[in-house]
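Structure provided below as structure tokens; questions to follow.
Where a number appears in this text, it was derived from the coordinates with a stated rule and is not lab data. The structure displayed is predicted, hence computed values, not measured ones. FYI the Cβ positions are ideal-geometry reconstructions off the backbone, even for glycines, and counts take in every protein chain you see.
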Amino acid sequence: MDIQKEALLSLQYLPNIQYFSKFLLHKKVWVEQQEHYQKGSYRNRSHIAAANGVLRLSIPLIKGKHQQQNIREVQIAHHEPWPQQHWQSIRSAYGNAPFFEHYADYLQPFFFKKYDSLFELNMDLLQTFLRLVGLPNEISLNEEYFKDVPASLRDYRTQISPKDTPGDTDPFFKNVKYVQVFEEKHGFLPNLSILDALFCKGPETIILLEQSINRN
């Protein structure tokens, strides 16, 4: 199977395992900064494993025309203490996970610092996750919006979405099982936020990402 050398990704909130596998699969990764915000995507939401099953974490955005806004102009709403709520949900879900204490101090500050820009928050989190996982952390930002993507790029902007089953839209990804919190209660929950892998697998997260790449 021919794999392009470079990937084009949207910038997402607490991205999932599928998303981070692209940093191993491709020689270079571009992050989209010229698109318009798309409602119902992972750009402001993520999924973790919680006591009652899959829990969606969503960042509230300032109401208005963010659907038509450039992604760098989308502003976070602060009418409710969502960052602290998200961190509390994460702590409740993973507090007993094998590697929670190892990574918690690196991640907690993001939920107690006020970010107005969704793009800036997601970018800071992405760079931190790349460092914690041990992935190449050089990220390039596109200078123009590609409606017709060059042949040198593989476009994942719509392929990594909560609306799709990964195997249906992304032939380069496969779900790999690992021991999760609450697995005895809910069974294995695939393709959750990278938080799930980090807290459950720790330094072996990068091995999990490599195993998640479908090279056939």
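LYS27: which lysines have alpha carbons under 25 Å from its alpha carbon, excluding same-chain residues fewer than 8 sequence positions away?
Partners found: LYS5, LYS147, LYS174, LYS201.
Cα gyration tensor of region 78-188, axes a ≥ b ≥ c as square roots of the eigenvalues: rounded (a/c below 1.5), prolate (a/b > b/c) or oblate?
Numbers: a/c = 1.87, a/b = 1.26, b/c = 1.49.
In terms of gyration-tensor shape, oblate.
Give the peptides 176-189, 12-25 in descending order of average Cβ contacts within 10 Å, highest first.
Numbers: 176-189: 14.6, 12-25: 22.9.
Order by mean packing, descending: 12-25, 176-189.
What aspartates and glutamates does LYS177 reach when the alpha-carbon gap must be under 15 Å and sequence neighbours fewer than 8 apart in one chain are set aside?
Of all the aspartates and glutamates, those that pass the test against LYS177 - Cα under 15 Å, at least 8 places apart if same chain - are ASP196, GLU204, GLU210.
Work out how much length THR158 to GLN84 would gain on full extension: take 0.36 nm times their residue separation and subtract the Cα-Cα distance, in nm to one decimal.
Stretched out fully, the THR158 to GLN84 stretch lengthens by 23.7 nm.
Separate question: Take each complete run of DSSP H in the chain, measure how far its Cα atoms stretch along the helix's own axis, and keep only those covering 15 Å or more with mean Kyte-Doolittle hydropathy at least 1.6; list them.
none
Can you say what percent of the DSSP beta bridges in the chain, counting only those with both residues inside, are antiparallel? Round to 5.
Just about 50 percent of them are antiparallel.
Which order do peptides 135-146, 73-84 fall in by mean Cβ count within 10 Å, highest first?
73-84, 135-146
Using the Kirkwood formula over every pair of different C-alpha atoms, what hydrodynamic radius in Å results for the chain?
17.7 Å is the Kirkwood radius here.
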